[in-house]
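Read-outs: derived from the displayed coordinates by stated rules, not from any lab. Quick caveat, the model's predicted, so the values are computed rather than measured. Please note: Cβ atoms are built from the backbone with ideal geometry, for glycine as well, and neighbour counts cover all protein chains shown.
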Amino acid sequence: MKQRSRQKVLERFKKGLGLNISAMKRECPQVLDECYKGKKPVGWYRSLLELGFDPYEIEHELEEYVVCAICMKRFMTLATHLRTHHVTTAEYLEEFGGELMSESNRLIREEHLRLPHWEKAYSPEYVIDRIMEWGRIEAVNSMAFENYDPCVHAKAMDYFGSWDKALKRSGFDPEQVREVSRYRVWTRESLDDALRNLPAGQRMPTDVMLSAKRMFGSVREALAELGISREKFGKSIKYRDSEVEKVATLIKEAVAYDGRERVRKLKIVYTDNKKLIDARYGGLPKMARAIGLTEEDVSWVFYRNRDDVICGLRGMPVNTKKTHLTKLDKSLYRAIEERMSESFEDLLKEAHKYT
Ligand SMILES: [Zn+2]
């Protein structure tokens with residue numbers, strides 16, 4: 001933004017005047033025009049951010065009237081007035097553009113959008129801003145956009161005549177937008193394909209990232225589930241696949257044990273490799289699943305099942321009484337009480353069958 005424009009905005013701010021699009025358009029049109037010039041417009045939203053304002057916190061001034069472009073008189077709405085000029089609303093809009101209703105009569109009402117509204121009334125500039133902002137987080141092909149912001153989509157068609165024109169005004173190449181959106185019907189296969197073929201060292205395209213998130217919870221999990229090596233991801237790799245494989249082997253060795261020994265060994269592996277496990281898989285249970293184990297295999301519960309219980313009892317003297325167990329190993333006692341259908345005596349016998 002030019003220095004002079006910058007100053008104008010700051011002056012308005014100091015005076016407590018509106019910094020919304022229509023107030024700017026009325027009073028400093030050249031400042032606003034500057035933001036929407038060229039093939040890659042900056043837009044008012046980004047200009048406000050650049051100046052250090054929060055677009056959601058600015059003052060708003062809404063006009064109560066709309067000016068007829070034919071006679072330059074002010075009206076709440078032009079719909080009926082235009083008859084006096086013998087033009088239809090469509091002809092008028094075709095010729096002059098703009099709005100048929102005053103701002104205070106066309107307040108934005110939708111709420112709960114993923115990208116909340118920051119302006120209070122529609123304007124072509126606001127539509128452009130929203131297309132640009134959505135473009136930072138989503139693919140902006142017509143169909144997708146209509147899903148996440150239907151009213152702005154409809155307004156864009158009114159203002160610009162077609163979605164392609166709206167895209168162009170917002171600095172997007174419609175062909176490129178369509179190309180990106182072609183991948184939007186994501187399947188496991190197409191995502192797998194896209195992830196494997198990402199250009200190294202580049203930021204992941206938003207739609208790839210989002211579909212990974214939609215399908216698997218995160219990119220990391222998608223990679224793990226699809227068995228894709230992270231070595232392909234340039235700078236983002238922290239851990240080599242060979243390292244990860246070593247940890248996987250240690251985990252498998254640990255879970256081959258029963259009872260307390262399994263948990264003890266597992267804890268050592270986890271503590272030593274926590275960062276790798278969390279970064280690559282988002283935790284031990286998820287890693288377990290990714291390497292062909294179950295969550296139960298890596299559970300921290302000492303005595304998950306009968307094998308664990310037998311293993312635990314094997315470490316107890318043959319003449320152990322059930323009452324002793326409450327003192328010797330409370331977890332084992334509880335596991336027998338709560339999870340085993342057989343009696344303590346039978347299980348103890350079984351544990352010492354071969355000794
Ligand atoms: Zn008129």
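Ordered by the count of other Cβ atoms within 10 Å of each Cβ, fewest first, Ser104, Ser142, Ser170 give Ser104, Ser142, Ser170. Here the Karplus curve 6.51 cos²θ - 1.76 cosθ + 1.60, taken at θ = phi - 60°, turns the phi angles of the range 313-319 into couplings of 5, 4, x, 9, x, 4, 9 Hz, with x standing for Gly and Pro. The Rg/Rh ratio for the range 1-94 is 1.07, where Rg is the radius of gyration of the alpha carbons and Rh is the Kirkwood radius.
Annotation: average projected area of the range 231-352 is 8.2 square nanometres, based on the convex hull of Cα atoms across all directions. Counting 0.36 nm for each residue step from His60 to Ala279 and taking away their Cα separation leaves a gain of 74.4 nm. Treating the range 241-298 as a set of equal point scatterers at the Cα positions, no solvent, please give the Debye-formula log₁₀ I(q)/I(0) at q = 0.17 Å⁻¹. Here the Debye-derived log intensity ratios amount to -0.45.
With an 8 Å Cα cut-off and a minimum separation of 6 or more residues, compute the relative contact order for the chain in percent. Here the relative contact order equals 9 percent.
Pairwise Cα distances in the range 1-56 exceed 17 Å for 26 percent of all pairs.
The 3J(HN,Hα) values that the Karplus relation (6.51, -1.76, 1.60; θ = phi - 60°) gives for the range 7-22 are, in residue order, 4, 4, 5, 5, 4, 4, 4, 4, 7, x, 8, x, 10, 6, 4, 5 Hz. Gly and Pro appear as x. For a straight C-alpha distance cut-off of 24 angstrom, the lysines reachable from Lys40 (same-chain residues fewer than eight places away being disregarded) are Lys2, Lys8, Lys25, Lys155, Lys165, Lys168.
Relative to the Cα centre, the charge distribution of the chain, modelled as +1 at Lys and Arg Cβ and -1 at Asp and Glu Cβ, gives a dipole magnitude of about 1240 debye. Between Lys349 and Arg26, the contour length at 0.36 nm per residue exceeds the Cα-Cα span by 107.2 nm. Coupling constants for the range 338-352 follow from the phi torsions by the Karplus curve (6.51 cos²θ - 1.76 cosθ + 1.60, θ = phi - 60°), and in residue order they are 8, 10, 9, 8, 7, 7, 4, 4, 5, 5, 5, 4, 4, 5, 9 Hz; glycine and proline get x.
Summing +1 for each Lys or Arg and -1 for each Asp or Glu among the other residues whose beta-carbon sits under 11 angstrom from that of Ala69 gives -1. Dividing the Cα radius of gyration of the range 124-175 by its Kirkwood radius returns 0.89 for Rg/Rh.
Take the Kirkwood radius over Cα pairs of the chain, plug it into Stokes-Einstein at 10 °C and 1.306 mPa s, and you get 61 µm²/s for translational diffusion. When the chain is treated as a GNM with alpha-carbon contacts under 10 Å, the residue of Ala79, Ala154, Ala254 showing the greatest mean-square fluctuation is Ala79. Here the gap between Ala79 and Asp173, fully extended at 0.36 nm per residue and compared with their Cα-Cα distance, gives a gain of 30.4 nm.
Per the Debye calculation on the range 306-351 with a single equal scatterer at every Cα and no solvent contribution, log₁₀ I(q)/I(0) for q = 0.13 Å⁻¹ amounts to -0.21. Straight-line reach from Lys267: taking Cα to Cα under 17 Å and skipping same-chain neighbours fewer than 8 places apart, the lysines in range are Lys246, Lys252, Lys275, Lys286. With a cut-off of 13 Å between beta carbons, the residues surrounding Glu103 carry a summed charge of -1, where Lys and Arg count +1 and Asp and Glu -1. With R₀ set to 51 Å, the beta-carbon distance separating Asn319 from Met215 gives a calculated FRET efficiency near 0.35. Comparing Leu49, Thr80, Val66 along the charge dipole axis of the range 42-105, the residue lying farthest to the positive side is Thr80, per the Cβ-charge model.
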